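The values are calculated or read from the model by the stated rules, or taken from the named source; none is laboratory data. Since the structure is predicted, the reported quantities are computational estimates derived from the model, not experimental observations. Cβ: placed from backbone, ideal geometry, glycine included. Neighbour counts: every protein chain shown.
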Amino acid sequence: MSKLIIANFKMNKTESETKDYLINFLSKFEDDKADLILAVPFTSISTARYMLSGRNISLSAQNICEDDKIGCTGEISGKMLADSGVRYVIVGHSERRNRFKENSKMINNKIKNALKNRLTAILCVGESLVDKNTMNTLSTLKNQIEEALKGLYENELENIIIAYEPVWAIGSGKTPTEKEIELAVKAIRKVISDDFSQKASEQIKIVYGGSINPKNINKFKDIEELSGVLLGGACLDSNIFMQIINSII
Ligand code: 13P
């Protein structure tokens, strides 16, 4: 099975910058080599959709409103996202949990709204440095996953991807050891098997994100339990991004 590669642009690239980026990137990328999902800013979705037409590359949003009710100035509904050509949406990223105070109830609502609109939610979970230093990594993961997936039916997990992103690894240049990632992924699968089923826990896709770059990519690509990776800073330069893709495939 080809590896899943998710690129989170975060709040980077204007619409015209995205266009220039994609002209360069699409001339090099061979669609059948990897499952690629580009999470571009809202303002670039329409241009990216146009440029990706006929290509086997998916688009993701980076956020979704908790519900599609009216009276939400500044928010983007699930219906709007689905109509814009997006198939995925990132939910629960630590930058939104921490800076925008998104709590577990909001994350649960966002996931439900994504599913209602036939979008696949990329649920980010991960421990803080304090959690790690106090040996609370696995309990944090369990709690975040259980709260985020509360009330979901087992068949809905087909439309969930879990991204393990330790908060301390994001943008820091630091990464967990292979052993630490394996333990985290096993713990995530155990939560899914305890709360849903063994089958669901075997089938759910889990990716790793946090300070991945061309030098350390080899460490992640051979971890069998992982379905792929979630990149931040390293996807912003299309040449660096291609180097990473070429190392994974
Ligand atoms: P970095 O790869 O820049 O550490 O970011 C990871 C991330 O937050 C992706 O969602």
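Given the criterion of a type in the set (Ser, Thr, Tyr), at pLDDT 95 or above, within 16 Å of the ligand (Cβ to nearest atom) and over 26 Å from Gly78 (Cα atoms), identify the matching residue among Ser128, Ser139.
Values: Ser139 fails: within 16 Å of the ligand (Cβ to nearest atom).
That would be Ser128, the only listed residue that is of a type in the set (Ser, Thr, Tyr), at pLDDT 95 or above, within 16 Å of the ligand (Cβ to nearest atom) and over 26 Å from Gly78 (Cα atoms).
In the set Gly171, Gly210, which member is closer than 25 Å to Leu129 by Cβ, in contact (Cβ under 8 Å) with a residue 60 or more places away in the chain and surrounded by fewer than 19 Cβ atoms within 10 Å (Cβ to Cβ)?
Numbers: Gly210 fails: surrounded by fewer than 19 Cβ atoms within 10 Å (Cβ to Cβ).
Gly171 is the lone residue from the list that is closer than 25 Å to Leu129 by Cβ, in contact (Cβ under 8 Å) with a residue 60 or more places away in the chain and surrounded by fewer than 19 Cβ atoms within 10 Å (Cβ to Cβ).
Contact map, the range 214-237: first residue under 12 Å from Thr175 (Cβ atoms) and of a type in the set (S, T, N, Q), second residue assigned to a loop (DSSP other than H, G, I, E, B) and within 10 Å of the ligand (Cβ to nearest atom), Cβ cut-off under 8 Å, separation 6 or more or different chains; pairs are Asn216/Thr175.
Pairing residues of the range 106-127 that are closer than 20 Å to Val229 by Cα with residues that are within 16 Å of the ligand (Cβ to nearest atom) and aromatic (Phe, Trp, Tyr), at Cβ distances under 8 Å and at least 6 apart in sequence or on separate chains, gives Leu119/Tyr88; Thr120/Tyr88; Ala121/Tyr88; Ile122/Tyr88; Val125/Tyr164; Gly126/Tyr164; Glu127/Trp168. Evaluate the range 33-45: report whether one residue or more is assigned to a strand (DSSP E or B) and over 17 Å from Asn12 (Cβ atoms). Yes, the range 33-45 contains at least one residue that is assigned to a strand (DSSP E or B) and over 17 Å from Asn12 (Cβ atoms).
Pairs linking a residue in the range 83-95 that is more than 10 Å from Ser46 (Cα to Cα) to a residue that is among the basic types (Lys, Arg) and within 11 Å of the ligand (Cβ to nearest atom), with Cβ atoms under 8 Å and 6 or more positions apart or on different chains, are Glu95/Lys10.
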